[in-house]
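Take a look at the structure below.
Each reported figure results from applying straightforward, stated rules to the coordinates on display, with no laboratory input. Keep in mind that what you see is a predicted model, and the values were worked out from it rather than measured. Cβ atoms come from the backbone with ideal geometry, glycine included; neighbour counts cover every protein chain shown.
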Amino acid sequence: MTEYLTRLNPEQRAAVEAVDGPLLVLAGAGTGKTRVLTTRFAHILMTRRAFPNQVLAVTFTNKAAKEMRERVSSILGQSAEGLWLGTFHALCARMLRRNAELVGLSSNFTILDTDDQMRLLKQIMAAANIDTKRWTPQVLMGAIQRWKDRGLTPDRVTDAEDIDFANGRARTLYAVYQDRLKQLNATDFGDLLLHVTEILRNNPDVLANYHRMFRYILVDEYQDTNTVQYLWLRLLAQRPDPAERNICCVGDDDQSIYSWRGAEIENILRFEKDFPGATIVRLEANYRSTRPILGAASHLIANNAGRMGKTLRPGRNDAEGDKVRVVSLWDSEEEARMVGERIEALRRDGHRLTEMAILVRAGFQTRAFEERLITLGVPYRVVGGQKFYERVEIRDAMAYLRVLNQPADDLAFERIVNTPKRGLGDTGIRAMHDLARREGKPLVVAAWRMIETGALRPKPRQALHELLEGFARWRAALPHEGHVVTVATLLDESGYTDMWKQDKSPEAAGRLENLKELLRALGEFESLAGFLEHVALVMENDENPDADRVGLMTLHAAKGLEFDTVFLPGWEEGLFPHQRALDEGGDKGLEEERRLAYVGITRGRQRVIISHAANRRIYANWSSAVPSRFLDELPEEHIQRDGGASAHRNKMASMPSAFSGQFPLVARKPRVAEAGAWEVAARPSRSATMPVGQRVFHQKFGYGRVVAAEDNKLDVEFEQAGRKRVIDSFLEKA
Ligand code: ATP
Ligand code: MG
């Protein structure tokens, strides 16, 4: 038997060898669905059933596509090029370029981003005399996106699908928007699938062509397909001869976590109807995780009512292992410290950082861990997103803070002077620059001058005036209001927070959470200047991209991946399950959150460490956090509670005076860790080993000598770069 088939169990092998006809693999996490799909791909090629370009393979992310390409190549023993392998969007973009003229585009069409989309919608609404205060373009954009996810061109939107918008004009506006896109030879993201589906529906010859071409179709993560993706797949798979409908989908209803983006779990149920006689394969042996991890995940997900129900048993020979840890901590800083110390301990024992991941429910949570890892000098990567201080809203907010701290910070001023929009065109900004340069003054001074001389039209003049006066006011408030309150006021009064509140894109809520997290971070510092310096140092964290790094990502981004060690922090009511999911989705929302928890736990091979903090800082105040209900749904036999969660909880309940009330608006010194909250010994600060006078090496600044030290911050006189302040963990002894 061929070598690659020997690496499968009998059920998996059956799923690989049943190449002809429709096949659905419905199985729990870690049972080898993706392995089956990849092996099947290779098997089709090895048995010469098809050429590489006659197989259509759909993955959920570009990363997964890359991995599958590599896995197929390694089975084939040669690189696999020219494959139709990628995400729905990538595959559809390629198909649309081939047949663009059939929907009135030419093949070099551009794909617009959301900014462009929004601008276009605003123009269209303005032309139609619609009051955009009352009916916001964001709402319209959301509706259009949903229609596209459901495969509805403007003429297909029924009354039932319509929304209450601009006196019933949403559909007309949608139609106008689609026409405008065509005139611009452009599409938005949703159009890629919509257009191709329309082409396949309306052009039998094109469809027949693809039917001849794609002999085999493979789909991973099938539980998260939305309606238009489903329609597209069905069109391509329903070849004239039912015996030739070679579509293989793999999925797990318990891992359906994208309903908020229009995914329809019912697509799994429809499979057997659309493809009568389909083979259904169930895989039950999990090869990824230890018995306690599987036990915990299975027990938790059993609390969901709406599920198909699947058995999952350990398939590894070495499935015995550590219990799942549940660690109760005082606050999020302590939680970050616990995670950091465990990572370091594992690293000392020879574990690779790429085999560890921190999976969070909400993007803002990465901040505390990033700072901890930076302090410890542990390299990390943020998968499927950006590092906290590199996110757009954080960079914008930081620019406001820099101007507040230092009015002459021209780079920062330039970034925010027209964000949010204040009606200053490029010419206005150029004039400001010219004036500043001529007079050798900072931009703010030039801005004041332009207001006084009436060089601007009334509207931008008024807006700029408000901004500059705002800065004067906020700066004056700083000493008595404190930096946290002042910055919160600044973000509100400058209109910056509002800009994101108006934004109805799916990312906006996360950006607002990030801004709140920024205020929390600010509260950890004594002053604005201290915080700015800290962030500047954190941003210096320049590393080698190939380095061994810990993964930091949201649970959504972790789907399909696996790690030896998985940290799942922030299991608190309101955060996980997330309040928004509960508010908007009710019981269904709760079940989807539980599926997310299941996805999280099942990412771990050897170790899963779940944690929750008893207190969260909200701005400068503290509030106590209730442990997630999911913690109560874990089976006692498979978990070990560190610090004894219930005892811990009571202890906290009985010490209300100092911690439950309002904190004064100054940062506190780090509290000494609760004894016994976890067992990993604290690591000695490195500064002790980098005394003043020590010769050191820094990746970016080269050689130098320590001239002063304060906590983990060292002043170093570098030979080339001069005197700099750096964090000790970036230094090597030289
Ligand atoms: P998920 O639902 O999380 O996407 P999955 O069902 O796709 O999981 P895979 O990622 O394919 O599962 O497999 C999980 C792990 O088990 C992988 O490390 C894979 O290499 C390994 N594995 C799968 N099948 C076998 C097998 N028959 N023998 C040994 N290891 C296996
Ligand atoms: Mg998989």
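Key figures for this structure:
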| item | result |
| --- | --- |
| Net charge of neighbours whose Cβ lies under 13 Å from the Cβ of PHE51, counting Lys and Arg as +1 and Asp and Glu as -1 | +3 |
| Packing-based exposure ordering (other Cβ within 10 Å, fewest first) of MET499, MET338 | MET499, MET338 |
| The range 390-535: Rg to Rh, with Rh as the Kirkwood radius over Cα pairs | 0.97 |
| Gap separating the Cα centres of the range 165-221 and the range 555-597, nearest whole Å | 32 |
| For the chain, with +1 on Lys and Arg beta carbons and -1 on Asp and Glu, the positive-most of PRO52, LEU346, MET450 along the dipole | PRO52 |
| Gyration tensor verdict on the range 110-184 (Cα atoms; rounded if a/c is under 1.5, prolate if a/b is larger than b/c, oblate otherwise) | oblate |
| The range 687-733: Cα Rg divided by the 2.2 N^0.38 Å rule of thumb | 0.93 |
| Label-zone membership for the range 353-397, site THR419, 7 angstrom Cα→C-beta point, backbone N under 14 Å | 389-397 |
| Above-threshold pairs, the threshold being 27 Å between Cα atoms, out of LYS66/LYS323; LYS421/LYS441; LYS421/LYS713; LYS182/LYS501; LYS421/LYS700 | LYS66/LYS323; LYS421/LYS713; LYS182/LYS501; LYS421/LYS700 |
| Sparse-neighbour loop sites [trypsin sites (Lys or Arg not before Pro); the range 55-162; at most 11 other C-beta within 10 Å; DSSP] | LYS133, ARG134 |
| Reachable lysines from LYS63, criterion Cα separation under 24 angstrom, eight or more residues apart if same chain | LYS33, LYS387, LYS559 |
| Pairwise label distance in nanometres, THR279 with LEU76, each label 7 Å out on the Cα-Cβ vector | 2.3 |
| Euclidean distance of C-alpha centroids, the range 488-526 and the range 694-729, integer Å | 34 |
| Stretch gain in nm, segment ASN129-ARG49, where the contour uses 0.36 nm per residue and the Cα spacing is subtracted | 22.9 nm |
| Radius of gyration and maximum dimension Dmax of the chain, Cα, Å | 28.3, 86 |
| The range 208-287 - percent relative contact order, Cα under 8 Å, separation 6 or more | 37 |
| Global geometry of the range 1-143, whether rounded, prolate or oblate, following the gyration tensor of its Cα atoms and the 1.5 cut on a/c | prolate |
| Charge dipole of the range 687-733 about the Cα centre (unit charges at C-beta), most positive-ward option of VAL692, ALA709, ALA721 | ALA721 |
| Cα-based shape type of the range 155-269, given that a ≥ b ≥ c are square roots of the gyration tensor eigenvalues and the cut on a/c is 1.5 | oblate |
| Pairwise centroid distance, computed over Cα atoms, of the range 29-106 with the range 232-280, Å | 17 |
| Nearest-20 debye value, the range 110-184 charge dipole, Cβ charges on Lys, Arg, Asp, Glu | 120 |
| Neighbour-count ranking [beta-carbon atoms within 10 angstrom, fewest first] of SER289, SER73 | SER73, SER289 |
| Net dipole in debye of the range 476-605 [+1 Lys, Arg Cβ; -1 Asp, Glu Cβ; about Cα centre; nearest 20] | 480 |
| Mean separation of Cα contacts under 8 Å (6+ apart) over length of the chain, as relative contact order % | 15 |
| Fully extended contour minus Cα-Cα distance, from ASP349 to ASN303, at 0.36 nm per residue | 12.9 nm |
| Dipole in debye (nearest 20) - the chain, about Cα centre, beta carbon charges: Lys, Arg +1; Asp, Glu -1 | 860 |
| Scattering profile of the range 452-522 at q = 0.14, 0.15, 0.16, 0.24 Å⁻¹ [log10 I(q)/I(0), Debye over alpha-carbon scatterers] | -0.56, -0.63, -0.69, -1.03 |
| Cα extents of the range 133-220 along the three principal axes, largest first (Å) | 51, 29, 22 |
| Average silhouette area of the range 291-393, convex hull of alpha-carbon atoms, in square nanometres | 9.4 |
| Among PHE576, LEU512, LEU528 - extreme Cα towards positive end, dipole of the range 495-620, charges at beta-carbon | PHE576 |
